[in-house]
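*Asks:* One structure, as C-alpha coordinates, below. Some questions next.
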Amino acid sequence: MEFPFDLAPVLGDRFCVVDQHLRPAGRRGPAHRGDLEQQLRTVIDELGKASAKAQGLPSPVTSASRMETNRHVLYILRDTEGRGAPKGAVIGFLKVGYKKLFLLDRSGAHIEAEPLCVLDFYVHESLQRHGYGRELFHHMLQSERVEPWRLAVDRPSGKLLAFLHKHYGLEDAIPQVNNFVIFEGFFSNRPAPPPRRPPPKRPEEQIKPYSLSERDFLREEAEPPWPFNLSPARAGGSPVRGSLRPFLLRRDLEGGTDPVPPPRRSRWVPPAPRAFFPTWRGFASIFTPFSSLFCALFYPTFPPIPFPCSSLGRVGR
Ligand code: ACO
(Lines give C-alpha, C1' and ligand atoms only; values in the text may rest on other atoms or scores of the structure.)
Protein backbone atom coordinates (compact mmCIF):
# COMPACT_ATOMS: atom_id res chain seq x y z
CA MET A 1 0.00 0.00 0.00
CA GLU A 2 1.73 3.16 -1.22
CA PHE A 3 1.51 6.74 -0.07
CA PRO A 4 2.53 10.00 -1.78
CA PHE A 5 5.17 10.73 0.88
CA ASP A 6 8.31 9.06 2.19
CA LEU A 7 7.28 6.47 4.78
CA ALA A 8 10.71 6.09 6.41
CA PRO A 9 10.48 9.18 8.64
CA VAL A 10 6.86 8.43 9.48
CA LEU A 11 7.15 4.73 10.34
CA GLY A 12 10.87 4.23 10.90
CA ASP A 13 12.00 0.59 10.82
CA ARG A 14 10.31 -2.43 9.35
CA PHE A 15 8.02 -2.68 12.39
CA CYS A 16 6.44 0.49 13.68
CA VAL A 17 4.56 0.43 16.97
CA VAL A 18 1.99 3.19 17.45
CA ASP A 19 0.00 3.88 20.60
CA GLN A 20 -2.57 6.51 21.53
CA HIS A 21 0.03 9.29 21.35
CA LEU A 22 0.41 8.79 17.58
CA ARG A 23 4.11 9.61 17.62
CA PRO A 24 5.79 9.31 14.23
CA ALA A 25 9.11 7.50 14.22
CA GLY A 26 11.06 10.35 12.55
CA ARG A 27 13.38 12.58 14.53
CA ARG A 28 13.71 15.40 12.10
CA GLY A 29 13.07 18.14 14.64
CA PRO A 30 10.06 20.16 15.69
CA ALA A 31 9.66 21.96 12.33
CA HIS A 32 8.62 18.74 10.61
CA ARG A 33 6.88 17.18 13.54
CA GLY A 34 3.40 18.41 12.56
CA ASP A 35 3.79 17.14 9.00
CA LEU A 36 4.92 13.71 10.15
CA GLU A 37 2.07 13.45 12.60
CA GLN A 38 -0.39 14.31 9.87
CA GLN A 39 1.19 11.72 7.58
CA LEU A 40 0.98 9.08 10.29
CA ARG A 41 -2.70 9.89 10.75
CA THR A 42 -3.20 9.47 6.99
CA VAL A 43 -1.43 6.09 7.03
CA ILE A 44 -3.58 4.82 9.92
CA ASP A 45 -6.82 6.07 8.39
CA GLU A 46 -6.04 4.52 5.02
CA LEU A 47 -5.04 1.20 6.56
CA GLY A 48 -8.26 1.18 8.61
CA LYS A 49 -10.33 1.81 5.50
CA ALA A 50 -8.54 -0.91 3.53
CA SER A 51 -9.04 -3.40 6.34
CA ALA A 52 -12.75 -2.56 6.64
CA LYS A 53 -13.13 -2.99 2.88
CA ALA A 54 -11.32 -6.33 2.94
CA GLN A 55 -13.63 -7.56 5.68
CA GLY A 56 -16.79 -6.05 4.21
CA LEU A 57 -17.38 -3.83 7.25
CA PRO A 58 -19.61 -0.77 6.89
CA SER A 59 -17.05 1.48 8.56
CA PRO A 60 -13.44 1.17 9.75
CA VAL A 61 -12.64 -0.33 13.12
CA THR A 62 -9.26 1.43 13.04
CA SER A 63 -8.64 5.15 12.57
CA ALA A 64 -6.30 7.78 13.96
CA SER A 65 -9.05 9.34 16.06
CA ARG A 66 -10.06 5.94 17.51
CA MET A 67 -6.42 5.27 18.33
CA GLU A 68 -6.25 8.52 20.29
CA THR A 69 -9.24 7.67 22.44
CA ASN A 70 -8.27 4.07 23.24
CA ARG A 71 -5.26 2.37 24.74
CA HIS A 72 -4.71 0.21 21.72
CA VAL A 73 -1.40 -0.68 20.11
CA LEU A 74 -0.92 -0.76 16.38
CA TYR A 75 1.85 -2.86 14.82
CA ILE A 76 2.53 -1.65 11.28
CA LEU A 77 4.69 -3.71 8.93
CA ARG A 78 6.49 -1.66 6.31
CA ASP A 79 8.22 -2.80 3.13
CA THR A 80 11.70 -1.38 3.64
CA GLU A 81 13.13 -2.88 0.47
CA GLY A 82 11.26 -0.43 -1.74
CA ARG A 83 10.47 -2.93 -4.49
CA GLY A 84 8.83 -0.73 -7.12
CA ALA A 85 7.88 1.83 -4.51
CA PRO A 86 10.73 4.28 -3.92
CA LYS A 87 8.90 5.98 -1.04
CA GLY A 88 8.19 2.67 0.60
CA ALA A 89 4.92 0.84 1.12
CA VAL A 90 2.94 -0.55 4.00
CA ILE A 91 2.39 -4.31 3.97
CA GLY A 92 -0.18 -4.57 6.74
CA PHE A 93 -1.02 -3.94 10.37
CA LEU A 94 -2.27 -5.63 13.51
CA LYS A 95 -4.15 -3.82 16.28
CA VAL A 96 -4.37 -5.20 19.82
CA GLY A 97 -5.58 -3.89 23.16
CA TYR A 98 -6.56 -5.02 26.66
CA LYS A 99 -10.28 -5.26 27.30
CA LYS A 100 -12.34 -6.18 30.31
CA LEU A 101 -14.60 -9.04 29.26
CA PHE A 102 -17.15 -11.38 30.76
CA LEU A 103 -16.16 -14.77 29.41
CA LEU A 104 -17.61 -18.24 29.75
CA ASP A 105 -15.41 -21.23 30.42
CA ARG A 106 -16.15 -24.71 29.09
CA SER A 107 -18.57 -25.41 31.94
CA GLY A 108 -20.49 -22.19 31.26
CA ALA A 109 -19.23 -20.35 34.35
CA HIS A 110 -18.81 -16.60 34.02
CA ILE A 111 -15.31 -15.29 34.44
CA GLU A 112 -14.25 -11.68 34.43
CA ALA A 113 -10.97 -11.23 32.61
CA GLU A 114 -8.88 -8.57 30.93
CA PRO A 115 -7.07 -10.37 28.13
CA LEU A 116 -5.11 -8.92 25.28
CA CYS A 117 -7.52 -8.82 22.34
CA VAL A 118 -6.87 -8.98 18.63
CA LEU A 119 -8.99 -6.11 17.35
CA ASP A 120 -8.03 -5.60 13.71
CA PHE A 121 -5.64 -7.35 11.34
CA TYR A 122 -4.94 -6.70 7.71
CA VAL A 123 -2.33 -7.57 5.07
CA HIS A 124 -2.56 -5.90 1.68
CA GLU A 125 -4.44 -8.07 -0.83
CA SER A 126 -1.46 -8.42 -3.16
CA LEU A 127 0.70 -9.77 -0.31
CA GLN A 128 -1.63 -12.13 1.52
CA ARG A 129 -0.52 -15.74 1.99
CA HIS A 130 3.15 -14.74 1.76
CA GLY A 131 3.85 -15.12 5.47
CA TYR A 132 3.60 -11.38 6.31
CA GLY A 133 0.59 -11.92 8.56
CA ARG A 134 2.56 -14.46 10.56
CA GLU A 135 5.52 -12.10 10.76
CA LEU A 136 3.30 -9.35 12.17
CA PHE A 137 1.55 -11.67 14.60
CA HIS A 138 4.79 -13.19 15.79
CA HIS A 139 6.30 -9.76 16.40
CA MET A 140 3.24 -8.74 18.41
CA LEU A 141 3.30 -11.92 20.53
CA GLN A 142 6.95 -11.37 21.39
CA SER A 143 6.53 -7.71 22.07
CA GLU A 144 3.47 -8.22 24.29
CA ARG A 145 4.91 -11.38 25.83
CA VAL A 146 1.71 -13.30 25.47
CA GLU A 147 0.92 -16.82 24.29
CA PRO A 148 -1.49 -17.13 21.36
CA TRP A 149 -4.03 -19.19 23.34
CA ARG A 150 -4.29 -16.39 25.92
CA LEU A 151 -5.66 -13.97 23.33
CA ALA A 152 -9.29 -13.05 22.75
CA VAL A 153 -10.16 -12.30 19.15
CA ASP A 154 -12.84 -9.79 18.28
CA ARG A 155 -15.22 -11.36 15.74
CA PRO A 156 -12.57 -13.08 13.63
CA SER A 157 -13.02 -13.47 9.90
CA GLY A 158 -12.78 -16.88 8.25
CA LYS A 159 -9.31 -15.99 7.00
CA LEU A 160 -8.15 -15.13 10.49
CA LEU A 161 -9.58 -18.36 11.92
CA ALA A 162 -7.72 -20.30 9.22
CA PHE A 163 -4.59 -18.29 9.99
CA LEU A 164 -4.77 -19.01 13.74
CA HIS A 165 -5.41 -22.67 13.09
CA LYS A 166 -2.54 -23.00 10.66
CA HIS A 167 0.16 -21.11 12.55
CA TYR A 168 -0.84 -21.64 16.18
CA GLY A 169 -3.03 -24.75 16.16
CA LEU A 170 -5.95 -22.80 17.62
CA GLU A 171 -9.18 -24.47 16.61
CA ASP A 172 -11.35 -25.42 19.60
CA ALA A 173 -13.18 -22.18 20.27
CA ILE A 174 -14.97 -21.88 23.60
CA PRO A 175 -18.44 -20.50 22.79
CA GLN A 176 -19.11 -16.99 24.09
CA VAL A 177 -22.19 -14.79 24.15
CA ASN A 178 -20.26 -11.75 22.97
CA ASN A 179 -18.37 -11.27 19.72
CA PHE A 180 -15.08 -12.47 21.11
CA VAL A 181 -13.57 -15.85 20.38
CA ILE A 182 -11.25 -17.60 22.79
CA PHE A 183 -9.64 -20.96 22.37
CA GLU A 184 -8.91 -24.06 24.36
CA GLY A 185 -6.12 -23.25 26.79
CA PHE A 186 -7.31 -19.72 27.54
CA PHE A 187 -8.23 -20.66 31.12
CA SER A 188 -5.65 -23.40 31.50
CA ASN A 189 -2.73 -23.35 33.84
CA ARG A 190 -0.10 -23.80 31.22
CA PRO A 191 3.20 -22.39 32.37
CA ALA A 192 2.84 -18.65 32.38
CA PRO A 193 5.07 -16.68 30.05
CA PRO A 194 7.75 -14.51 31.60
CA PRO A 195 6.19 -11.53 33.37
CA ARG A 196 5.34 -8.71 31.10
CA ARG A 197 5.16 -5.06 31.93
CA PRO A 198 1.64 -4.52 33.29
CA PRO A 199 -0.51 -2.11 31.31
CA PRO A 200 -0.57 1.39 32.82
CA LYS A 201 -3.05 1.78 35.64
CA ARG A 202 -6.26 3.29 34.40
CA PRO A 203 -9.32 4.59 36.15
CA GLU A 204 -11.78 1.95 37.23
CA GLU A 205 -13.79 1.17 34.16
CA GLN A 206 -17.27 -0.22 34.19
CA ILE A 207 -17.59 -3.51 32.38
CA LYS A 208 -20.41 -3.27 29.90
CA PRO A 209 -22.79 -6.21 29.89
CA TYR A 210 -21.00 -8.93 28.03
CA SER A 211 -18.29 -6.51 27.01
CA LEU A 212 -19.42 -4.86 23.85
CA SER A 213 -16.78 -5.19 21.23
CA GLU A 214 -15.18 -2.76 18.79
CA ARG A 215 -17.39 -4.30 16.18
CA ASP A 216 -20.68 -4.01 17.95
CA PHE A 217 -22.18 -2.06 15.11
CA LEU A 218 -21.95 -5.26 13.07
CA ARG A 219 -24.75 -6.97 14.96
CA GLU A 220 -27.54 -7.98 12.64
CA GLU A 221 -30.20 -7.93 15.33
CA ALA A 222 -31.53 -4.40 15.71
CA GLU A 223 -34.27 -5.24 18.13
CA PRO A 224 -34.75 -2.71 20.96
CA PRO A 225 -34.13 -4.08 24.45
CA TRP A 226 -36.86 -5.43 26.66
CA PRO A 227 -39.40 -4.00 27.57
CA PHE A 228 -39.42 -1.58 24.64
CA ASN A 229 -39.92 -4.42 22.21
CA LEU A 230 -43.35 -5.15 23.66
CA SER A 231 -45.03 -2.47 21.54
CA PRO A 232 -48.18 -3.82 19.88
CA ALA A 233 -47.07 -2.03 16.71
CA ARG A 234 -44.38 -4.69 16.21
CA ALA A 235 -45.16 -7.40 13.72
CA GLY A 236 -48.30 -9.16 14.73
CA GLY A 237 -48.28 -7.48 18.13
CA SER A 238 -47.32 -10.80 19.62
CA PRO A 239 -45.40 -10.78 22.88
CA VAL A 240 -41.70 -10.77 22.04
CA ARG A 241 -39.17 -11.07 24.78
CA GLY A 242 -36.28 -8.76 24.21
CA SER A 243 -32.59 -9.22 24.47
CA LEU A 244 -31.51 -11.72 27.08
CA ARG A 245 -28.84 -9.35 28.26
CA PRO A 246 -30.63 -7.82 31.25
CA PHE A 247 -31.80 -11.24 32.25
CA LEU A 248 -28.40 -12.85 31.85
CA LEU A 249 -26.73 -10.00 33.71
CA ARG A 250 -29.14 -10.42 36.59
CA ARG A 251 -28.37 -14.10 36.67
CA ASP A 252 -24.74 -13.18 36.86
CA LEU A 253 -25.28 -10.75 39.72
CA GLU A 254 -27.42 -13.20 41.66
CA GLY A 255 -24.51 -15.56 41.94
CA GLY A 256 -25.26 -18.04 39.22
CA THR A 257 -28.72 -19.10 40.34
CA ASP A 258 -31.09 -20.46 37.76
CA PRO A 259 -32.15 -17.87 35.22
CA VAL A 260 -35.57 -16.30 35.67
CA PRO A 261 -36.88 -14.58 32.58
CA PRO A 262 -38.45 -11.17 32.98
CA PRO A 263 -42.12 -11.38 34.02
CA ARG A 264 -44.58 -11.16 31.23
CA ARG A 265 -46.60 -8.01 31.40
CA SER A 266 -50.35 -8.25 31.04
CA ARG A 267 -51.52 -6.29 28.08
CA TRP A 268 -54.72 -5.70 26.17
CA VAL A 269 -55.43 -8.56 23.86
CA PRO A 270 -58.02 -8.12 21.10
CA PRO A 271 -60.77 -10.65 21.68
CA ALA A 272 -61.86 -13.21 19.17
CA PRO A 273 -65.33 -12.26 17.87
CA ARG A 274 -67.77 -14.29 19.81
CA ALA A 275 -71.57 -14.29 20.03
CA PHE A 276 -73.43 -14.88 23.22
CA PHE A 277 -76.86 -14.21 24.65
CA PRO A 278 -76.73 -11.60 27.38
CA THR A 279 -79.47 -11.08 29.82
CA TRP A 280 -81.33 -7.83 29.80
CA ARG A 281 -79.00 -6.69 32.56
CA GLY A 282 -75.94 -7.47 30.47
CA PHE A 283 -77.42 -5.79 27.43
CA ALA A 284 -78.35 -2.72 29.41
CA SER A 285 -74.96 -2.43 31.06
CA ILE A 286 -73.43 -1.74 27.63
CA PHE A 287 -75.66 1.24 27.14
CA THR A 288 -74.93 3.17 30.29
CA PRO A 289 -75.80 5.65 31.75
CA PHE A 290 -79.42 4.57 31.16
CA SER A 291 -78.75 0.99 32.09
CA SER A 292 -79.36 1.27 35.83
CA LEU A 293 -82.66 2.97 35.40
CA PHE A 294 -83.68 0.58 32.66
CA CYS A 295 -82.83 -2.48 34.69
CA ALA A 296 -84.48 -1.22 37.83
CA LEU A 297 -87.73 -0.59 36.03
CA PHE A 298 -88.06 -3.51 33.62
CA TYR A 299 -85.83 -6.40 34.53
CA PRO A 300 -88.22 -8.15 36.90
CA THR A 301 -91.03 -8.11 34.31
CA PHE A 302 -89.24 -9.13 31.08
CA PRO A 303 -87.70 -12.52 30.34
CA PRO A 304 -84.15 -12.57 28.90
CA ILE A 305 -84.10 -12.00 25.12
CA PRO A 306 -81.26 -13.44 22.96
CA PHE A 307 -79.01 -10.72 21.58
CA PRO A 308 -75.84 -11.30 19.55
CA CYS A 309 -73.00 -9.20 20.75
CA SER A 310 -69.23 -9.32 20.69
CA SER A 311 -67.61 -9.45 24.06
CA LEU A 312 -65.28 -6.78 25.29
CA GLY A 313 -61.58 -7.46 25.49
CA ARG A 314 -60.24 -7.86 28.96
CA VAL A 315 -57.14 -6.56 30.51
CA GLY A 316 -54.85 -9.03 32.11
CA ARG A 317 -55.25 -12.15 30.08
N1 ACO B 1 -8.52 -17.83 2.65
C2 ACO B 1 -8.33 -18.71 3.63
N3 ACO B 1 -7.30 -18.67 4.51
C4 ACO B 1 -6.45 -17.66 4.38
C5 ACO B 1 -6.58 -16.69 3.37
C6 ACO B 1 -7.68 -16.81 2.48
N7 ACO B 1 -7.88 -15.95 1.50
N8 ACO B 1 -5.60 -15.80 3.51
C9 ACO B 1 -4.83 -16.22 4.54
N10 ACO B 1 -5.37 -17.35 5.06
C11 ACO B 1 -4.84 -18.10 6.20
C12 ACO B 1 -4.51 -19.49 5.73
O13 ACO B 1 -4.45 -20.32 6.84
C14 ACO B 1 -3.15 -19.30 5.14
O15 ACO B 1 -2.44 -20.50 5.01
P16 ACO B 1 -2.51 -21.27 3.59
O17 ACO B 1 -2.11 -20.27 2.56
O18 ACO B 1 -1.53 -22.38 3.74
O19 ACO B 1 -3.92 -21.72 3.42
C20 ACO B 1 -2.53 -18.39 6.15
O21 ACO B 1 -3.59 -17.52 6.60
C22 ACO B 1 -1.42 -17.58 5.53
O23 ACO B 1 -0.68 -17.01 6.55
P24 ACO B 1 0.09 -15.66 6.29
O25 ACO B 1 0.57 -15.58 4.89
O26 ACO B 1 1.08 -15.46 7.37
O27 ACO B 1 -1.12 -14.63 6.52
P28 ACO B 1 -1.49 -13.36 5.63
O29 ACO B 1 -0.31 -12.55 5.33
O30 ACO B 1 -2.37 -13.79 4.49
O31 ACO B 1 -2.41 -12.53 6.68
C32 ACO B 1 -4.69 -12.08 7.25
C33 ACO B 1 -3.55 -13.12 7.27
C34 ACO B 1 -4.28 -10.84 8.02
C35 ACO B 1 -5.92 -12.71 7.91
C36 ACO B 1 -4.96 -11.72 5.78
O37 ACO B 1 -5.41 -12.86 5.12
C38 ACO B 1 -5.98 -10.60 5.61
O39 ACO B 1 -5.65 -9.42 5.65
N40 ACO B 1 -7.25 -10.96 5.39
C41 ACO B 1 -8.30 -9.96 5.09
C42 ACO B 1 -8.68 -9.16 6.33
C43 ACO B 1 -9.11 -10.03 7.46
O44 ACO B 1 -9.90 -10.95 7.31
N45 ACO B 1 -8.63 -9.71 8.69
C46 ACO B 1 -9.02 -10.31 9.93
C47 ACO B 1 -10.24 -9.62 10.46
S48 ACO B 1 -10.85 -10.16 12.02
C49 ACO B 1 -9.91 -9.34 13.14
O50 ACO B 1 -9.06 -8.56 12.81
C51 ACO B 1 -10.18 -9.55 14.65
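*Asks:* Name the residues in the range 145-171 that are assigned to a helix (DSSP H, G or I) and within 6 Å of the ligand (Cβ to nearest atom), would you? Lay out the reasoning, then the answer.
*Replies:* Here is the first cut: in the range 145-171, the residues assigned to a helix (DSSP H, G or I) are 148-150, 158-168.
Result: 159, 160, 162, 163, 166.
*Asks:* Six or more apart or on different chains, Cβ atoms under 8 Å: show the pairs whose first residue is in the range 151-180 and over 16 Å from residue 112 (Cα atoms) and modelled with pLDDT under 95 and whose second is open to solvent by 70 Å² or more (accessible area, probe 1.4 Å) and within 10 Å of the ligand (Cβ to nearest atom).
*Replies:* Matching pairs, first to second residue: 171/165.
*Asks:* Hey, another quick one. Out of all the residues in the range 93-144, which are more than 26 Å from the chain's Cα centre (by Cα) and away from the ligand (no atom under 15 Å from the Cβ)?
*Replies:* 142, 143
*Asks:* Please determine, by comparing only the residues of the range 38-67 that are in contact with a Pro (Cβ under 6 Å, 6 or more places away or on another chain) and surrounded by 18 or more Cβ atoms within 10 Å (Cβ to Cβ), which one is nearest to residue 7 (Cα to Cα).
*Replies:* Residues of the range 38-67 that are in contact with a Pro (Cβ under 6 Å, 6 or more places away or on another chain), as a first pass: 40, 48-49, 52.
Pick out the ones that are also surrounded by 18 or more Cβ atoms within 10 Å (Cβ to Cβ) and you get 40, 48, 52.
Working: 40: 9, 48: 17, 52: 22 Å.
So the residue we want is 40.
The values are calculated or read from the model by the stated rules, or taken from the named source; none is laboratory data. Computed from a predicted model, the values in this text were never measured in an experiment. In this analysis, Cβ positions are derived from the backbone assuming ideal geometry, glycine residues included, and neighbour counts consider all displayed protein chains. For the accessible areas, the whole protein counts, side chains as well, though only heavy atoms, and no ligand, DNA or RNA atoms are used. Shrake-Rupley method; radii C 1.70, N 1.55, O 1.52, S 1.80 Å.
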